[in-house]
Amino acid sequence: MTNPETTTDVEPIDFEGAMQSALETVNDHESHTEPDAVTFHPSQIALCERQAYLSKLGLKDQTDILGVFQTGTLIHEFIEEYVGPQFPTAEFEKPVELERDGVRFIGHADCFDPERNAIMDFKSRNGWYRFDPPSDRHLDQIHVYMAATGAEFGQIVYVSKGDLEVRTWPEDGLFVFDPDRFDAILERAQAIRDAIDTHGVADCEADIPFDTCGCYICRNESLTLE
């Protein structure tokens, strides 16, 4: 059987352009931008110093990955609306704020369970290829939520984008808050704060006060700078 005949006489709907336009509309570039030196979102400070600096100041070009963010947002919304009511004592999208040693962390914890005194943080994945949890980035992010809420325990909940299959780390329990890890996160935030106070906001790539570290995000960096 042959394929149908095609024509260029009728201009098709530009769904590709419309999709990108919609993603740019619903993803507010300024929502996680913090121009002051002291404020960080947990997802930012979980990055290396360079990427955390770029992210908090809105210097990363994320046009090509807006779809990734949107898919993750849709999964989080589904969990909050349809899974959350099954756990009436847990707080989903709990606002958190913590000021410590000259820096401030603000954000929303995916799930805080006061009965267990635990934070559960949701991470969406394309699948389970090379699934080897936990990553330092995920552990750093959840440790900020734990410090802000006083949670003693935590768990990272991974959800497949393909079929919403769930896997957790730890697999059969919870991990304990590590104060040394949180101290290292504080030091990273303080280093970025001090760099902004000293050098201001970079106007070009050469002015970024942190070198690339070789991490995956550094290797795939895209900037809004000249």
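Bear in mind that the values in this text are calculations on the coordinates, not laboratory data. What you are looking at is a predicted structure, and each value in this text was computed from that prediction instead of being measured. Using ideal geometry, Cβ is built from the backbone for each residue, glycine included, and neighbour counts are taken over all protein chains shown.
A quick yes/no check of all residues on (1) within 22 Å of residue 194 (Cβ to Cβ); (2) touching a residue at least 12 places away in the same chain (Cβ under 8 Å); (3) in contact with a strand residue (DSSP E or B) (Cβ under 8 Å, 6 or more places away or on another chain); (4) among the hydrophobic types (A, V, I, L, M, F, W, C):
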residue	(1), (2), (3), (4)
39	yes, yes, yes, no
49	yes, yes, no, no
54	yes, yes, yes, yes
79	no, yes, yes, yes
94	no, yes, yes, no
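For the range 63-118, give me each residue that is of a type in the set (A, V, I, L, M, F, W, C) and closer than 25 Å to residue 182 by Cα.
The initial filter retains those residues of the range 63-118 that are of a type in the set (A, V, I, L, M, F, W, C), namely 65-66, 68-69, 74-75, 78-79, 83, 87, 90, 92, 96, 98, 103, 105-106, 109, 111-112, 118.
Selection gives 90, 92, 96, 98, 103, 105, 106, 109, 111, 112, 118.
Which residues, taken from the range 166-195, are among the acidic types (Asp, Glu) and either surrounded by 15 or more Cβ atoms within 10 Å (Cβ to Cβ) or farther than 20 Å from residue 100 by Cβ (or both)?
Narrowing the range 166-195 to residues among the acidic types (Asp, Glu): 171-172, 178, 180, 183, 187, 194.
Answer for the range 166-195, where residues must be among the acidic types (Asp, Glu) and either surrounded by 15 or more Cβ atoms within 10 Å (Cβ to Cβ) or farther than 20 Å from residue 100 by Cβ (or both): 171, 172.
Considering only the range 127-141, I want to know if a residue exists there that is farther than 21 Å from residue 79 by Cβ and surrounded by 16 or more Cβ atoms within 10 Å (Cβ to Cβ).
Yes, the range 127-141 contains a residue that is farther than 21 Å from residue 79 by Cβ and surrounded by 16 or more Cβ atoms within 10 Å (Cβ to Cβ).
Looking at the range 136-187 only, could you name the residues that are among the polar types (S, T, N, Q) and more than 18 Å from the chain's Cα centre (by Cα)? I'd like the intermediate steps shown before the answer.
Here is the first cut: in the range 136-187, the residues among the polar types (S, T, N, Q) are 141, 149, 155, 160, 168.
Within the range 136-187, just 149 meets the criteria.
Give me the helices (runs of 4 or more DSSP H) completely within the range 33-106, filtered to those with at least 1 residues that are among the aromatic types (Phe, Trp, Tyr), ordered by residue number.
Numbers: elements: 42-45, 49-56, 66-78.
Hits in the range 33-106: 49-56, 66-78.
Do we find a residue being free of Cβ contacts under 8 Å to residues at least 24 places away in the same chain, over 22 Å from residue 71 (Cα atoms) and loosely packed, with under 13 Cβ neighbours inside 10 Å anywhere in the range 99-113?
Step one: of the range 99-113, the residues free of Cβ contacts under 8 Å to residues at least 24 places away in the same chain are 99, 108.
Subsequent filtering for residues that are over 22 Å from residue 71 (Cα atoms) retains 99.
Checking the rest, the ones that are also loosely packed, with under 13 Cβ neighbours inside 10 Å come to 99.
Yes; the residues of the range 99-113 include at least one that is free of Cβ contacts under 8 Å to residues at least 24 places away in the same chain, over 22 Å from residue 71 (Cα atoms) and loosely packed, with under 13 Cβ neighbours inside 10 Å.
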